[in-house]
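Worksheet: one structure, shown below.
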Amino acid sequence: MAGINKNAAQIRANVVSNKRVGQYHQLIINIGDLAQTCRPGNFAAISVGGENSRMVLRRAFAISRVSANSPSGGTMELIVAPHGQGSKWLCAQGEGAILDIVVPLGTAFGIPTEPVQVLLVGGGYGSAPLFGLAEVLNAKGCRVDMLLGASTASKIYAPMEGKRAVNSLRIYTEDGSMGQTGRVTEPIAGLIQDLNIAVIYSCGPMAMLSAIDEIARGTDVVHQCAVEESMACGIGICMTCVLPVADADGNISMLRSCIDGPVMDGSFVQWDKVGKAL
Ligand SMILES: Cc1cc2nc3c(=O)[nH]c(=O)nc-3n(C[C@H](O)[C@H](O)[C@H](O)COP(=O)(O)OP(=O)(O)OC[C@H]3O[C@@H](n4cnc5c(N)ncnc54)[C@H](O)[C@@H]3O)c2cc1C
Ligand code: FES
């Protein structure tokens, strides 16, 4: 069983900028030398509400991208949806605000040793970490195709500079307000065949991850997914983030998605048992 990410540290970090992008906020945060230890798939656990807040639990956010040598030093980018109290507080933090952050946490996406064809699938803000991943895969010589989906256009996160690292990008919205109408999972089976896909990397709502896994099952495609299970501590102590996962012998145990994940082999996750007692 895994332990807390060996590079993790608790720091007080400065907000460099906070910009609205569609329904999301793009936060750039100065994390100094820790930027060099962050890998695509890792997340940050951020204390919300300020010193006297009753919101005692940190909130987890996927690290979208890092820059080791920006003019402000080492920085990380987060894409935050203003959802409930904690994320709305974070989205209200402007330039110069100081945040209490533990970073980097969790497992990272595995990078193939040889150049292969890969498909990246992102749902909503789940696309954010996939652009940093695309850059790494592209540098490895992989062909990178990407699918992004959301209910509506303003929930699609697809930055111009991120698109440079992908060979193709298709967008799906359920209301047809951007790209093609429908679910992001619809073209996957065809693309696996047409593009000879070896690995699917996914990040987004659990229902989307489960649907992708069903499509990949029975093929030779490896499915690496970043799960998003509610997390209270983010560092392996509280057991609130457990998921049923099988080992190579088929034995199922409850693994902590904050330290054994968030990136997991989708074929081992017991999707039909998630949220149920074993
Ligand atoms: C690995 C990971 C990556 C994520 N990445 C992103 C991202 O990139 N962008 C983004 O916008 N969101 C992301 N999220 C979701 C984010 O962590 C928050 O859940 C979301 O922002 C809602 O929090 P809130 O405070 O706004 O909402 P609220 O509804 O106020 O918060 C949820 C409430 O549930 C409580 N809670 C949370 N977990 C538990 C628990 N395990 N047990 C008991 N109570 C709990 C909180 O304390 C809080 O009161 C990610 C989550 C995970 C696990
Ligand atoms: S969030 Fe506490 S153990 Fe994972």
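The values are calculated or read from the model by the stated rules, or taken from the named source; none is laboratory data. Here the structure is a predicted model, which is why all the values come from computation and not from measurement. Ideal geometry is used to build each Cβ from the backbone, glycine not excepted, and the neighbour counts take in all protein chains shown.
Could you figure out which of (1) within 14 Å of ligand 1 (Cβ to nearest atom); (2) of a type in the set (Val, Ile, Thr); (3) in the same structural domain as Gln193 (by TED's automatic domain parsing) isn't true of Ile101?
(3)
So, in region 104-154, how many residues would count as being in a strand (DSSP E or B) and farther than 27 Å from Gln193 by Cβ?
Here is the first cut: in region 104-154, the residues in a strand (DSSP E or B) are 104-105, 117-123, 143-150.
Add one more test, that the residue is farther than 27 Å from Gln193 by Cβ, and what stays is 104-105.
Residues meeting the conditions: 2.
Residue by residue, here is whether (1) within 12 Å of ligand 2 (Cβ to nearest atom); (2) at pLDDT 95 or above; (3) hydrophobic (A, V, I, L, M, F, W, C); (4) assigned by TED's automatic domain parsing to the domain that holds Phe268 holds:
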site: Val199; (1), (2), (3), (4): no, yes, yes, no
site: Gly204; (1), (2), (3), (4): no, yes, no, no
site: Met208; (1), (2), (3), (4): no, yes, yes, no
site: Ile212; (1), (2), (3), (4): no, yes, yes, no
site: Ile215; (1), (2), (3), (4): no, yes, yes, no
site: Val222; (1), (2), (3), (4): no, yes, yes, no
site: Leu243; (1), (2), (3), (4): yes, yes, yes, yes
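Using the structure shown, decide if Ala158 is touching an Asp or Glu at 6+ places or on another chain (Cβ under 7 Å) and in a loop (DSSP other than H, G, I, E, B).
For Ala158, the condition - touching an Asp or Glu at 6+ places or on another chain (Cβ under 7 Å) and in a loop (DSSP other than H, G, I, E, B) - is not met.
Residues of region 86-103 being in a helix (DSSP H, G or I) and among the polar types (S, T, N, Q), which ones? Before the answer, list the steps.
In the first step, residues of region 86-103 are kept if they are in a helix (DSSP H, G or I); the result is 86-91.
Within region 86-103, just Ser87 meets the criteria.
Return yes when Ala134 is surrounded by 24 or more Cβ atoms within 10 Å (Cβ to Cβ), within 13 Å of ligand 1 (Cβ to nearest atom) and hydrophobic (A, V, I, L, M, F, W, C) and no when it is not. Explain how you work it out, then say what you get.
On the way: surrounded by 24 or more Cβ atoms within 10 Å (Cβ to Cβ): yes; within 13 Å of ligand 1 (Cβ to nearest atom): no; hydrophobic (A, V, I, L, M, F, W, C): yes.
It is false that Ala134 is surrounded by 24 or more Cβ atoms within 10 Å (Cβ to Cβ), within 13 Å of ligand 1 (Cβ to nearest atom) and hydrophobic (A, V, I, L, M, F, W, C).
Could you grab the pairs with beta carbons closer than 8 Å, sequence gap of 6+ or different chains, first residue in region 58-71 and basic (Lys, Arg), second one assigned to a strand (DSSP E or B)?
Arg58/Ala45; Arg58/Ile46; Arg58/Val102; Arg59/Ala45; Arg59/Ile46; Arg65/Met76; Arg65/Glu77
Condition check: closer than 18 Å to Cys203 by Cα, outside any strand (DSSP E or B) and not assigned by TED's automatic domain parsing to the domain that holds Ala158. Does Pro40 satisfy that? Talk me through it step by step, then tell me what you get.
Working: closer than 18 Å to Cys203 by Cα: yes; outside any strand (DSSP E or B): yes; not assigned by TED's automatic domain parsing to the domain that holds Ala158: yes.
Yes.
Suppose we filter Gly236, Gly250, Gly266 for residues that are on the phi > 0 side of the Ramachandran plot and either away from ligand 2 (no atom under 15 Å from the Cβ) or of a type in the set (Val, Ile, Thr) (or both); which single one remains?
Numbers: Gly236 fails: either away from ligand 2 (no atom under 15 Å from the Cβ) or of a type in the set (Val, Ile, Thr) (or both); Gly266 fails: on the phi > 0 side of the Ramachandran plot.
Being on the phi > 0 side of the Ramachandran plot and either away from ligand 2 (no atom under 15 Å from the Cβ) or of a type in the set (Val, Ile, Thr) (or both) holds for just one of Gly236, Gly250, Gly266, which is Gly250.
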